[in-house]
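Novice: Starting off with a structure, shown below.
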Amino acid sequence: MSSGGSMAQDLRLVLPQLIVLLTAMLALVAEMLRWRRAGLTTVAVGLGAATVVSAGRLAVHATAFSGTFRVDLLNHWSVLILCPTAVLCCLLARQELRGTPREGTVYSLLCFGTLGALVLAGSGDMMLLVLGLLMTSLSGFALAAYAKTEAGTEGALKYFIYGTVTTAILIFGLSYWVGITGSTLLSALGQPNLPAPLLAFGFVALLTGLGYAASLFPFHFWTPDTLEGAPVSVAAYLSVVPKIGAFFGLAQVCRSLPSTAVDWPLVLALLAVASMTFGNVLALRQTNVVRLLAYSTVTQAGYFLLPLVGVRGAMALPALVVFAAAYAAMNTGAFAIVLHTGRTLADFKRLGTTRIFTGLAMTVFLFSLVGIPPLAGFTGKLLLFESAMAAGYTWLAVVAVLNSALALAVYSRVIVAMYFAAPGGPAAPPAPAWEIRTVVGACLLATLGLTLAAQFFF
Amino acid sequence: MPHIPLLSVSIFLPLLGALVLLVLRTQGRVLAFALGIGTTALTVVATALIWMRGVPGGFAQVEELRWIPSLGAAYRVGVDGISLPLVLLTALLFLVAMIYSAKVTDQPGSFVALLLLLETACLGSFLALDLLLFYVFFELTLVGMYFIIAGWGHEGSKKAALTFFIYTLVGSLFLLLAFLALYLNAAPHTFDMRVLLAHPPLTGTAAALTFWGLFLAFAIKTPLFPFHTWLPAAHTEAPTAGSVILAGVMLKLGGYGFIRFSLQMTPDAFRQFAPYVMGLALFSALYGALAALGQTDIKRLVAYTSVNHMGYMVFGVGAAALTTTGSAFGLDGAVLQMVSHGIVTSCLFLLVGALQDRTKTREMDQLGGLAQAYPLLSGLFMLAAFASLGLPALAHFPAEFQIFLGGYEVAPVMTALLLLGLLITTALYLRAIQRVFLGEAPTMALPPADLSGRELWAIVPLIILIVGLGLYPEALLRVIHATQQVLGHE
């Protein structure tokens, strides 16, 4: 448990996270001064800077603050994926909430929430897990309630109640881990002869807390209502940033947790099956595209568990990272188009013929969510299947594969509406604003290009 | 010329054409089809140059680009005696389908772009030497075909398209798992098909499971009974060009997969399970023939004969799997059967399409005596039908003859039963010809025009090939056989 080096060096190691923190505070100041554009600019520049810093030191592998914070693959890529995603969500919020009161707080809250996710992703310590989870969910509660409508309040309330209860369970469970290991460090979980029941209890409690943030079945109850009630830009953010933070945090735990005492990979595998299947089956019945995408995030949460089952395999962490990047791109892109087009399936009627490029982009995002090659979602899922099979969980890969076929039936409902609906229906939506064009363009580029760029993740 | 990467050019030329169309955003019919026909014609030239450059036996004209070396994946393409005939067939059928479709007025720009995308996917599948690359192209064929059936098909096309997509997606997802099993068991891990072909990595239970994973994927694609249920609806609801590509090219992806992956990468498992596969193929052939016999819709009839013919083809591959030292008649015949079925069935679908355009119905009960109104159309249909039922000197005969010969060596009883299929198809075609073209003409008013120039440009090349392949199969057999020798099937 020796300290990694001097304080200055520790601070240097968490520089991207410090930049995000600073950005969030500056954005708050800008809001106090009512400089709305400045708030957005601050966020774009600040999170961009954090991204650049992280990109410049992908090869660095270290720990900071006595091993409590891990500067590793997951940490670097969490910055590289989540910061740009947060900027895109801010752009969407700009388009959606421009001129509404407290517009600037949204940018600031998005930054704070993202910081929480980054802390989760780099956790080497149970206290940082708690801190990260609280930061993402507290800002999430405020964001979800932004609209002040009845649906928005109801959604935010659900999010809040489930969030506080599950986080409390997580803290309670972690207290047992601290008790049996005598340390808050995750690496202490590797000690021999820890009592298995308590280890298992802590793990289930941890899954409850992180599973809620990740919309993992059966902790997903809030997801459809909250996403439906929240502004679309916030829904995009809530379905991507906290989720990736939570799974990266869970990966940090799983890396340190021996599977000899408790067969936690099996637990994760069963949860993955339940989450994938449940999300798909319920998504099949939705006529509201936001709810459809909400259940689809429950499905995708199941997929996120596949690499964790064999987390010590050589390909597991790169697989998790690639899938997270793909998921961020395709999901944010899909929400951006929902923001532009409308929330119901009826709004999507004939979109493919009235707005050719918007329709094409949505098709690409949906096919990517199914996992059709050569799109990003395929490459992500391929690596997930590979890591599950390499871990000896071929049956899990088979179930995941069957769910991909089911997912096609889910997403094709939107595609059928866009291209093959009877003539008539809503008039063509206006040309998308520049913010939406930017977001869709960036997500499209990532969704199309990730497969070719996959070699840089290894 | 020696430095031109002809394989990649052939694969990506159509895609380039599709992109040009997308950028132009034209829905003008003349420009779209001019571009489409021009691109597919150039692709035919490119594939012909591949043939001329020569395919000695093993994989030739290999082109490689690095991509994720740490995963053992890369862009690799190459051609051998099994893929070359299918590549030539693909290029030709896309040109023919494009010419035939030139009358499409509903969003022709999108239609041509999708067909071109589909051509890239099909050529890429046959030429890929990397499991991942193959899979990418294999799946892309689904996307292209889904939109073609759903967007330009007949009455119930949306449901048929989705059924087709989901069925074959399930199959190809199991294919992905099988590929991962091959990858994980190869040492060092690689997706390079040449390595996996030279040293099949799997043994025992893993090989058996992988074999059945591959089998499921290709049995759905081919299709074999009982995985064929998507086929009649998809074929019938698709626009004519879609039916041509579906029957002519995409079913061959199944056959190609049986040979390239099941037979060559899990050979021992295939030998072990060959009797079951052959039994299923036999049943499929007879079932397809009987089901065709029961149809009243002439397009469905042709669709079901595909099930019959693909049954023969898989039977040939199964016979080859059982043959350890003997001759390679079964495999030679199977490859030749894929080519001849592609030509003959495409020709039949084009003729049925021309028929439907004129009579507005596909129900044989409402037709009759058309030979008087359309002598040329009727004559060509009869010729193609005779080819389809296996008349000597026409395309199917040499292929089926070799399959029966190869099958007789290893499984004489099953082969004897298989011959029943020939009798049934003969009966059903004679009955169809009698009901549609002979007898009294229907009372409805029929447009007087026989086959137009556009239709003839599409159909006549196929007729020439039907006769040519029947009389001189050696042209292709030489290439096919050279590869069998390399594979150790002499």
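The values are calculated or read from the model by the stated rules, or taken from the named source; none is laboratory data. The shown structure was predicted, so the numbers you read here are calculated from the model rather than taken from an experiment. Cβ coordinates were reconstructed from backbone atoms using ideal geometry, including for glycine residues, and neighbour counts include every protein chain displayed. SASA here: full protein model, heavy atoms, side chains in, ligands and nucleic acids out. Shrake-Rupley method; radii C 1.70, N 1.55, O 1.52, S 1.80 Å.
Novice: For a quick check: with amide H placed at 1.01 Å from N, whose amide H comes under 5 Å from A:Phe69's, ignoring anything fewer than 5 positions away on the same chain?
Specialist: Amide H neighbours of A:Phe69: A:Ala64, A:Gly124.
Novice: How much accessible area per residue does region A:46-191 have, in Å², with a 1.4 Å probe?
Specialist: On the way: 4950 Å² over 146 residues.
With all protein chains present, region A:46-191 gives 34 Å² per residue.
Novice: Local charge sum around A:Pro430 (other residues, Cβ-Cβ under 14 Å, Lys/Arg +1, Asp/Glu -1)?
Specialist: On the way: positive: A:Arg355, A:Arg437; negative: A:Asp347, A:Glu435.
Net local charge, A:Pro430 excluded: 0.
Novice: How far apart, in nm, are two points set 7 Å out from the Cα along the Cα-to-Cβ line at B:Leu438 and at B:Leu423?
Specialist: 2.0
Novice: Please determine, in degrees from 0 to 90 and to the nearest 10, the orientation of helix A:376-390 with respect to the longest principal axis defined by the Cα atoms of chain A, where the helix direction is its Cα long axis.
Specialist: The angle comes out at about 30 degrees.
Novice: Hey, can you list the residues from region A:388-433 whose accessible area shrinks by 40 Å² or more with all protein chains present, relative to the chain by itself (probe 1.4 Å, no ligands or nucleic acids)?
Specialist: Residues of region A:388-433 that lose at least 40 Å² of accessible area once the other chains are added: A:Met389, A:Val401, A:Ala405, A:Leu408, A:Phe420.
Novice: Turning to a different aspect of this structure: Using 0.36 nm per residue, how much length does the chain from B:Thr105 to B:Trp457 gain when fully extended, once their Cα-Cα distance is taken away?
Specialist: Working: separation 352, 0.36 × 352 = 126.72 nm, distance 1.91 nm.
This chain segment gains 124.8 nm when fully extended.
Novice: Taking the Cβ of B:Val339 as the centre, find all other residues whose Cβ is under 14 Å away and add up their charges (Lys, Arg: +1; Asp, Glu: -1). Can you show the working numbers first?
Specialist: Values: positive: B:Lys252, B:Arg478; negative: B:Asp332, B:Glu400, B:Glu474.
Here the charged neighbours net out to -1.
Novice: Still on this structure, please answer the following. Mind pulling the per residue volume of the convex hull built on the Cα atoms of region A:225-274? Å³ is fine.
Specialist: Working: hull volume 4.1 nm³, N = 50.
Taking the convex hull of the Cα positions in region A:225-274, it is 82 Å³ per residue.
Novice: Then there is this: Report the A-B buried area as the accessible area lost on both sides summed, probe 1.4 Å, in Å² to the nearest 100.
Specialist: Working: alone 16370 and 17210 Å², together 30620 Å².
About 2900 Å² of accessible surface is lost on pairing.
Novice: So how do B:Trp230, B:Trp51, A:Trp434 rank on accessible area, 1.4 Å probe, biggest first, that is with the largest at the start? All intermediate terms of the calculation are to be shown ahead of the outcome.
Specialist: Numbers: B:Trp230 5, B:Trp51 105, A:Trp434 125 Å².
From most exposed to least exposed: A:Trp434, B:Trp51, B:Trp230.
Novice: Further, regarding this structure: Rounded to the nearest percent, how much of the accessible area of chain B (1.4 Å probe, protein heavy atoms only) is carbon and sulfur?
Specialist: Values: 10930 of 15720 Å².
Percent of accessible area from carbon and sulfur atoms in chain B: 70.
Novice: If you don't mind, another one. Once the Cβ-Cβ distance between B:His154 and A:Val165 is put in as r, and R0 is 45 Å, what FRET efficiency do you end up with, to the nearest 0.05?
Specialist: Working: r = 55 Å, r/R0 = 1.23.
So the FRET efficiency works out to roughly 0.25.
Novice: Take B:Gln372, project a point 7 Å from its Cα along the Cβ direction, then tell me which residues of region B:410-450 have their backbone nitrogen under 17 Å from it.
Specialist: Zone members listed by number: B:434-450.
Novice: Would you mind computing, in nm to one decimal, how far apart the modelled labels at A:Ala346 and A:Thr287 are, each placed 7 Å from Cα along Cα→Cβ?
Specialist: Distance between label points: 0.7 nm.
Novice: Give me the extension gain from A:Leu131 to A:Gln9: residue separation times 0.36 nm, minus the current Cα-Cα distance, reported in nm with one decimal. Before the final figure, lay out the partial values.
Specialist: Details: separation 122, 0.36 × 122 = 43.92 nm, distance 2.20 nm.
Contour length minus the Cα-Cα distance gives 41.7 nm.
Novice: Would you mind getting the accessible area per residue of region B:267-490, heavy atoms of the protein chains only, 1.4 Å probe, in Å²?
Specialist: Numbers: 8040 Å² over 224 residues.
Computed with neighbouring chains in place, this is 36 Å² per residue.
Novice: Same structure again: Kirkwood hydrodynamic radius of chain A from all distinct Cα pairs, in Å? Write out the running numbers ahead of the final one.
Specialist: Details: mean 1/r = 0.0459 Å⁻¹.
One decimal place: 21.8 Å for the Kirkwood radius.
Novice: I need the fraction of alpha carbon pairs in region B:267-490 separated by more than 31 Å, rounded to a whole percent.
Specialist: On the way: 6216 of 24976 pairs.
Pairs farther apart than 31 Å: 25 percent.
Novice: Below 26 Å, Cα to Cα, which lysines can B:Lys360 reach? Residues fewer than 8 away in the same chain don't count.
Specialist: Answer for B:Lys360, where 26 Å is the Cα cut-off: B:Lys103, B:Lys158, B:Lys159, B:Lys299, listed by chain and number.
Novice: May I pose another question? Using +1 on the beta carbon of Lys and Arg, -1 on that of Asp and Glu, and nothing else charged, what's the dipole of chain B about the Cα centre, debye to 20? Show your work: numbers first, answer last.
Specialist: Numbers: 22 positive and 23 negative charges, 111 e Å.
Dipole magnitude for chain B comes out near 540 debye.
Novice: In the protein assembly as shown, with Lys and Arg counted as +1 and Asp and Glu as -1 at Cβ, which of these residues, B:Thr426, A:Leu360, B:Gln402, has the Cα nearest the positive end of the dipole, that is, farthest along it?
Specialist: A:Leu360
Novice: Next question. With each label point set 7 Å from Cα along the Cα-Cβ vector, what nm distance links A:Glu150 and A:Val52?
Specialist: 4.9
Novice: Size of the dipole of region B:267-490 about the Cα centre, Lys and Arg at +1 and Asp and Glu at -1 on the beta carbon, nothing else charged, in debye to 20? Don't skip to the answer; put the middle values down first.
Specialist: Details: 10 positive and 13 negative charges, 72 e Å.
Roughly 340 debye, rounded to the nearest 20.
Novice: Find the all-direction average of the projected area of the Cα convex hull for region A:1-142, expressing the result in square nanometres with one decimal place.
Specialist: Details: hull surface 32.5 nm².
If you wrap the Cα atoms of region A:1-142 in a convex hull and average its projections, you get 8.1 nm².
Novice: Also: Within a Cβ distance under 14 Å of B:Tyr312, other residues only, what is the Lys/Arg minus Asp/Glu net charge? Intermediate values should be presented prior to the final figure.
Specialist: Working: positive: B:Lys252; negative: B:Asp332, B:Glu400.
Here the charged neighbours net out to -1.
Novice: So what's the angle, to the nearest 10 degrees on a 0 to 90 scale, between helix B:131-152 and the longest Cα principal axis of chain B?
Specialist: Orientation of helix B:131-152: about 20 degrees from the principal axis.
Novice: From zero outward in steps of 10 Å, how is the percent of C-alpha pairs of the protein assembly as shown spread across the bins?
Specialist: 2, 12, 21, 22, 18, 13, 8, 4, 1, 0
Novice: Quick check for me: using +1 on Lys/Arg Cβ and -1 on Asp/Glu Cβ, what's the dipole size of region A:36-123 about its Cα centre, in debye to the nearest 20? Numbers along the way, then the final one.
Specialist: Values: 7 positive and 3 negative charges, 48 e Å.
Using only the charged Cβ atoms, the result is roughly 220 debye.
Novice: Moving on. Let me cross-check B:Arg478: its accessible surface, 1.4 Å probe, with only protein heavy atoms counted, in Å² to the nearest 10?
Specialist: 140
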